[in-house]
1. Tell me, in nm to one decimal, what length is gained between residue 140 and residue 62 on full extension, where the rule is 0.36 nm per residue of separation less the Cα-Cα distance?
2. Using the Cβ atoms and a cut-off under 11 Å, what net charge is assigned to the surroundings of residue 146, where Lys and Arg are +1 and Asp and Glu are -1?
3. Could you check the simple spin-label distance between residue 117 and residue 71, using points 7 Å along Cα→Cβ, in nm with one decimal?
4. How large is ³J(HN,Hα) for each residue in the stretch 84-97, as worked out from phi by the Karplus curve 6.51 cos²θ - 1.76 cosθ + 1.60 (θ = phi - 60°), to whole Hz, x for Gly and Pro?
5. Which order do 140, 87 fall in if you start with the one that has the fewest other Cβ atoms within 10 Å?
6. Tally Lys and Arg at +1 and Asp and Glu at -1 over the other residues with C-beta under 12 Å from the C-beta of residue 46: what net charge comes out?
7. What ranking do 141-154, 97-110 get when scored by the average of other Cβ atoms within 10 Å per residue, highest first?
Amino acid sequence: MTSLSTIGRGHAALVAVVILGMLPTPAGAQAPPAAEPATPAVSPPSVDLPAPIARVLADYESAWQRKDAAALAALFAEDGFVLSSGTPPVRGRANIERHYAGAGGPLSLRAFAFAAEGRVGYILGGFARQKGEPDNGKFTLTLHRAADGRWLIVSDMDNGNQRGR
């Protein structure tokens, strides 16, 4: 069992980059000029994943479609997180299993970016109810490769493509 505190410098560096990207702009910084009215966003194209990382998405889809909370929780690191829109963070496999109890149904996941370096990686992607449908949301999965070589989810953050009203 690997805890988040023992994942190592690679994970710490990845977390630092993510946190720095979320920091507010300094007060004296210039705001960008007003943009033209937005055109509808086009979803990024899908990318192929290496088999060991693709397994994470395939197993996630399968467990979600079967409404199998135990199988879904088993895809996470022992102290992994679920960071869903509109709910507090959920930490730990047992809590993740309880969080997902009764949840599931049609799901198609696709990746539009990924990286892996050593024992740390990530997938950025979109999700829809059925393969080939437009994405109705997006996600980030932060991954850690366990000692047995299997990639586990450290954090799963998702949100829908529609703004709340």
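1. Numbers: separation 78, 0.36 × 78 = 28.08 nm, distance 1.80 nm.
Here the answer is 26.3 nm.
2. Values: positive: 119, 145, 150; negative: 78, 148.
Summing Lys/Arg as +1 and Asp/Glu as -1 gives +1.
3. Simple spin-label model gives 3.5 nm for this pair.
4. Here the 3J(HN,Hα) series is 8, 4, x, 9, x, x, 10, 10, x, 4, 4, 5, 5, 4 Hz.
5. On the way: 140 16, 87 9.
Taking fewest neighbouring Cβ atoms as first place, the list is 87, 140.
6. Working: positive: 110, 131; negative: 48, 135.
Here the count lands on 0.
7. Working: 141-154: 18.4, 97-110: 14.9.
Descending mean neighbour count gives 141-154, 97-110.
Read the figures in this text as sums done on the coordinates, not as results from a lab. Not measured: the values here are computed from a predicted model. Here Cβ is always computed from backbone atoms with ideal geometry, including for glycine, and neighbour counts include all displayed protein chains.
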